[in-house]
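Colleague: Following this message is one structure expressed as structure tokens.
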Amino acid sequence: MIEITLRVNGQNQKVAVDDPNMPLLYALRDDLGLRGPKFGCGLGQCGACCVIIEGEAARSCVTLAIDTHEKEIKTLEGLGDLDRPSRVQKAFIAEQAAQCGYCTNGMIMTATALLSRRPRPTETDVREALAQNLCRCGSHARVIAAVLRAAREG
Amino acid sequence: MTAITRRSLLCSAATVIVTFSLPRGAEASVNTVAADSVDGYLSVARDGGVTVFAGKVDLGTGARAAIRQIVAEELGLSPGRIALVEGDTALTPDQGSTGGSTGIMVGGVQIRQAAATARARLLSLASASLNRPVSDLETSDGMVVARGDGGAVSFASLIGGAAFELPIDKTAPLRNPDAYTVVGTSYARPDIPAKLTARHAYVQDHRVDGMAHARVVRPPAIGAHLNDVDASSIADIPGAEVVRIKDFLAVVAPREWDAVRALRQLKATWSEAATLPGSDNLFEAVRATPVARVEMLRSVGDAPAVLDQAQRVIHATYSWPMQSHASMGPSCAVADIRDNGGTVWTASQSTHRMRWTIAKLLGLDGAKLRLVYMDGSGSYGTNGNDDVAFEAALLSRELGRPVRAQWMREDEHGWDPKGPPQLLDLRAALRADGSIAAWETVAMPPVNTPNAGIPLLAAVAAGLDDGRGSQSGFTGMNSDPPYAIENVHAEVRWLATTPLRVSNLRAPGKIGNVLAVESFFDELAAAANADPLALRLRLLSDPRGREALERLRQMMNWTPRASPLERTSDLLEGRGIAYVHYKQAENYVAMGVEATVERSTGAVRVLRVACAHDCGLMINPDAVHAQVEGCILQTLSRTLFEEVTFDRARVTSTDWSSYPILTFRDVPKLDIALIDRRHERPLGAGEAAAAPVAAAVGNAIFDATGVRLRQAPFTPARVKKALDEQAT
Ligand code: FES
Ligand code: FES
């Protein structure tokens with residue numbers, strides 16, 4: 001049993017890890033009760049589990065929890081809330097850029113990381129940044145519009 | 001425990017396990033969930049807030065906004081004052097499954113009539129209290145208002161907290177569509193802000209005290225029997241247990257990751273099984289399958305005789321592969337089975353039917369079983385949600401504690417019920433002037449038993465169900481041409497069996513059927529050297545269909561000419577159209593595609609999709625737009641990339657690399673024209689625009705290259721092969 005400290009959304013959280021192979025996603029969802037990161041594939045293929053670790057978008061399903069000890073982790077709930085959504089969340093709401101919304105965590109987290117790296121992305125930049133984020137409902141066109149809107153209004 | 005009723009839940013809130021806070025004052029209509037009574041669908045609380053109880057659910061489609069708009073418009077109050085309960089078997093009337101694009105067309109229309117009946121009652125109550133004739137009264141903003149002197153009385157004081165005790169009056173007058181102020185506007189979806197800030201609980205997020213996490217262990221081959229399980233192989237995992245019932249095998253653990261570890265680590269031996277034809281031999285197997293029943297879809301004139309005697313007959317065979325729902329989030333459910341009943345939290349599209357299915361299979365009292373709908377990852381028909389709901393219930397009953405079961409990615413891709421394979425033979429007779437004298441379609445989908453549900457994996461494995469029965473939707477529809485042709489013979493040969501378990505998958509059968517019909521129509525147009533759009537218009541009299549095509553003509557800047565274009569460069573550009581009158585009864589959709597084909601690689605790139613869409617009255621145009629976008633993009637994905645592969649034993653496309661879907665790089669420019677028909681009945685928007693996508697892409701490829709693709713998906717390898725054959 002190893003105890004690790006995760007700095008999630010600005011708070012230090014202790015998590016007991018009995019299997020060193022446990023992905024971060026399980027610590028976030030099951031130990032800390034977060035809903036933002038979703039289990040989609042567990043294989044690093046879809047992006048539903050995205051979080052931001054030390055400023056970079058990362059897939060929490062293929063990131064070991066123990067490797068994130070004392071690292072700065074941001075999840076969807078840490079970006080903003082209903083009263084004060086982040087500018088990316090606000091843009092997604094304005095574009096109604098979700099159908100079921102299951103993939104949207106990954107879209108917003110990846111877009112947030114993109115915009116902090118590149119505040120004025122082209123549409124091609126957006127498509128490339130999101131190329132490994134899958135959506136089954138077909139919300140893509142609105143997601144692109146939302147990211148460009150967030151950049152514009154940022 | 002006694003039967004779970006709306007009364008018991010709403011009146012004894014302390015003992016209720018609810019996943020949402022119950023709408024204020026919903027106790028006004030505790031007595032009934034009858035689908036023919038006003039109280040079944042709505043109640044007015046003491047404060048005048050209205051709660052709507054809908055048997056059908058919002059699958060990310062915007063119905064949550066649209067249903068509120070419908071009720072707000074009929075009753076005369078703001079949609080923000082309406083709470084909505086969806087799909088909860090104890091609280092909502094059974095309006096049937098959510099599917100086939102019936103959420104608004106059937107479910108919404110029932111609720112609209114309930115609201116109209118309620119409004120009529122409110123007006124007559126107000127007439128007595130204001131001492132004015134009903135004809136002087138109007139409803140607005142939760143009040144009944146008298147014209148002229150402005151005397152007014154609120155809904156709350158007229159009926160707040162009391163039941164209507166009225167059957168739905170089918171003749172209760174509806175609002176005049178010309179006066180709509182809420183219906184027809186793009187009222188924002190109320191669920192989106194919470195979903196986008198992680199404040200919304202999906203079924204995957206639901207937790208119950210004391211629950212175990214479960215994973216089901218699938219056999220290495222479909223139909224394999226379980227020989228042995230070595231429970232000691234997971235002894236080192238804290239709290240992990242094995243559950244076995246005949247061939248049903250599962251692991252549970254208090255922590256989710258430990259259940260996943262146990263799944264990976266458990267040693268079990270299974271018998272061998274090799275019951276499948278293999279996806280490479282799929283269509284040979286389909287053709288060799290016995291026919292269970294023949295349905296004459298359309299018979300006009302005497303097509304077989306005309307074809308027999310014709311000078312010029314063109315024939316072609318089209319096929320559509322098996323495809324997965326491939327939902328982004330693996331199916332999940334939580335069940336707490338106790339005292340011969342209990343609760344199941346599920347994203348099933350059919351909570352009302354599944355309640356009785358689960359009760360029957362587990363020998364529970366259906367009256368004591370409650371299914372609570374919670375959002376899951378989008379589903380487009382029956383995916384794994386019904387399976388996993390039963391798995392959670394079965395395990396909870398076995399273990400005597402709450403269980404949360406979730407599928408793994410390989411379960412979702414490997415074991416979800418698949419969209420069925422389709423094979424269609426077409427023939428047409430052409431006259432000397434190139435006009436079509438006769439048309440024949442023979443469609444060969446697997447047999448469909450409507451409303452039967454599908455055999456559930458765990459029920460079959462545990463020996464509770466014989467695994468027979470098949471439901472995959474009305475997969476024969478739209479295999480007949482929508483055009484005025486003198487002799488038409490369209491028959492559906494329903495096949496007795498099909499490889500893999502099947503279910504209804506978005507626009508069931510219609511995408512493959514329209515691919516066949518609308519591609520073949522273009523083959524005939526090309527044979528006659530005719531412009532495909534002009535030929536369609538010549539043979540189509542329905543004004544709504546014609547308008548959709550005319551709109552498309554403008555959107556595409558269509559210049560008349562025959563296909564294909566003669567070009568020799570490597571990157572070839574083409575255009576294609578397709579048209580559908582959905583189910584020959586519902587939406588009118590005209591679809592146009594501009595695409596390039598790279599001759600050297602066979603890569604197809606769809607640059608632009610234009611769509612003219614008529615679904616009658618639109619409750620919420622932005623939600624319709626989003627559904628049409630979804631139909632187009634998901635179907636482009638199915639058309640270009642998707643094919644379930646399997647060997648003799650099992651599905652081999654079990655993740656996103658072996659079953660790729662459309663990515664952001666592949667998304668074309670979308671131009672969607674929504675035709676406003678506010679005096680027509682509202683139709684669904686979740687399926688129809690899917691139907692013509694593949695045909696429009698195929699026709700664009702033909703226009704670009706002169707090569708006709710008759711088998712989807714149109715992968716580079718398949719396109720390249722066709723181009724190479726053309727060259728020789
Ligand atoms: S769940 Fe992590 S990438 Fe799919
Ligand atoms: S919105 Fe449903 S998967 Fe993207």
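Colleague: Go through A:Ala113, A:Ala57, A:Ala98 for me and flag whichever is more than 9 Å from chain B (Cβ to nearest Cβ) and free of Cβ contacts under 8 Å to residues at least 60 places away in the same chain.
Modeller: After ruling out the rest, the residue left standing is A:Ala57.
Colleague: Could you please let me know if B:Gly414 is within 16 Å of ligand 2 (Cβ to nearest atom) and within 14 Å of another protein chain (Cβ to nearest Cβ)?
Modeller: no
Colleague: Please tell me if A:Val88 is more than 14 Å from ligand 2 (Cβ to nearest atom) and not in a helix (DSSP H, G or I).
Modeller: Here the answer is no, as A:Val88 does not meet what is asked.
Colleague: Could you list all residues from the stretch A:43-60 that are within 16 Å of ligand 2 (Cβ to nearest atom) and open to solvent by less than 30 Å² (accessible area, probe 1.4 Å)?
Modeller: A:Cys46, A:Gly47, A:Ala48, A:Cys49, A:Cys50
Colleague: Something else: Would you be able to tell me the number of residues in the stretch B:217-257 that are outside any loop (DSSP other than H, G, I, E, B), within 18 Å of B:Glu391 (Cβ to Cβ) and aliphatic (A, V, I, L, M)?
Modeller: 10
Colleague: Output the number of residues of the stretch B:86-126 satisfying the condition of being farther than 20 Å from B:Val182 by Cβ and within 26 Å of the chain's Cα centre (by Cα).
Modeller: 17
Colleague: Only residues that are within 14 Å of chain A (Cβ to nearest Cβ), open to solvent by 10 Å² or more (accessible area, probe 1.4 Å) and aliphatic (A, V, I, L, M): list them for the stretch B:322-374, please.
Modeller: Listed by number, the list holds a single entry, B:Met374.
Colleague: Still on this structure: Within the stretch A:18-30, is even one residue more than 10 Å from chain B (Cβ to nearest Cβ), open to solvent by 10 Å² or more (accessible area, probe 1.4 Å) and under 14 Å from A:Gly78 (Cα atoms)?
Modeller: no
Colleague: Would you point out the residue of the stretch B:60-76, among those that are crowded, with 24+ Cβ neighbours inside 10 Å and part of a loop (DSSP other than H, G, I, E, B), that is modelled with the lowest pLDDT?
Modeller: It comes out as B:Gly60.
Colleague: Answer yes if at least one residue in the stretch A:123-145 is more than 9 Å from chain B (Cβ to nearest Cβ), under 22 Å from A:Asp81 (Cβ atoms), open to solvent by less than 10 Å² (accessible area, probe 1.4 Å) and at pLDDT 95 or above, and no otherwise.
Modeller: No: zero hits.
Colleague: Another question about this same structure. For A:Cys100, only one of the following conditions fails: (1) open to solvent by less than 40 Å² (accessible area, probe 1.4 Å); (2) within 16 Å of ligand 2 (Cβ to nearest atom); (3) more than 22 Å from B:Val203 (Cβ to Cβ). What is its number?
Modeller: (3)
Colleague: Looking only at the stretch B:187-196, decide whether some residue is basic (Lys, Arg) and at the interface with chain A (Cβ under 8 Å from one of its Cβ atoms).
Modeller: Checking the stretch B:187-196: at least one residue is basic (Lys, Arg) and at the interface with chain A (Cβ under 8 Å from one of its Cβ atoms).
Colleague: While we're looking at this one, here's another question. Could you list all residues from the stretch B:284-307 that are surrounded by 14 or more Cβ atoms within 10 Å (Cβ to Cβ), under 30 Å from B:Tyr380 (Cα atoms) and among the β-branched types (Val, Ile, Thr)?
Modeller: B:Val286, B:Thr289
Colleague: Now for a separate question. Any idea which of B:Gly25, B:Gly55, B:Gly87, B:Gly99 is in contact with a Gly (Cβ under 7 Å, 6 or more places away or on another chain), surrounded by 24 or more Cβ atoms within 10 Å (Cβ to Cβ) and modelled with pLDDT under 90?
Modeller: Selected residue: B:Gly55, the only one of B:Gly25, B:Gly55, B:Gly87, B:Gly99 that is in contact with a Gly (Cβ under 7 Å, 6 or more places away or on another chain), surrounded by 24 or more Cβ atoms within 10 Å (Cβ to Cβ) and modelled with pLDDT under 90.
Colleague: What number of residues in the stretch B:308-321 are in a loop (DSSP other than H, G, I, E, B) and open to solvent by 10 Å² or more (accessible area, probe 1.4 Å)?
Modeller: Qualifying residue count, the stretch B:308-321: 2.
Colleague: OK, next. Is at least one residue of the stretch B:666-680 without any contact (Cβ under 8 Å) to a residue 40 or more places away in the chain and within 22 Å of B:Gly512 (Cα to Cα)?
Modeller: Scanning the stretch B:666-680 turns up at least one residue that is without any contact (Cβ under 8 Å) to a residue 40 or more places away in the chain and within 22 Å of B:Gly512 (Cα to Cα).
Colleague: For B:Ala452, all conditions in the list (1) under 18 Å from the mean Cα position of the chain (by Cα); (2) open to solvent by less than 10 Å² (accessible area, probe 1.4 Å) hold save one; what is the number of the exception?
Modeller: (2)
Colleague: In the stretch A:70-95, how many are more than 7 Å from chain B (Cβ to nearest Cβ) and open to solvent by 10 Å² or more (accessible area, probe 1.4 Å)?
Modeller: 13
Per-residue answers, yes or no, for (1) open to solvent by less than 20 Å² (accessible area, probe 1.4 Å); (2) in the same structural domain as B:Gly107 (by TED's automatic domain parsing); (3) without any contact (Cβ under 8 Å) to a residue 12 or more places away in the chain:
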{"residue": "B:Ile159", "(1), (2), (3)": "yes, yes, no"}
{"residue": "B:Asp178", "(1), (2), (3)": "no, no, no"}
{"residue": "B:Asp205", "(1), (2), (3)": "yes, no, yes"}
{"residue": "B:Ala262", "(1), (2), (3)": "yes, no, no"}
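The values are calculated or read from the model by the stated rules, or taken from the named source; none is laboratory data. This one's a predicted model, so the numbers in the text were calculated from it and none came from an experiment. Don't worry about glycine lacking a Cβ; one is built from the backbone with ideal geometry, like all the others, and counts go over all protein chains shown. The protein model used for the area step is the full one, side chains on, heavy atoms only, and it has no ligands, DNA or RNA in it. Shrake-Rupley method; radii C 1.70, N 1.55, O 1.52, S 1.80 Å.
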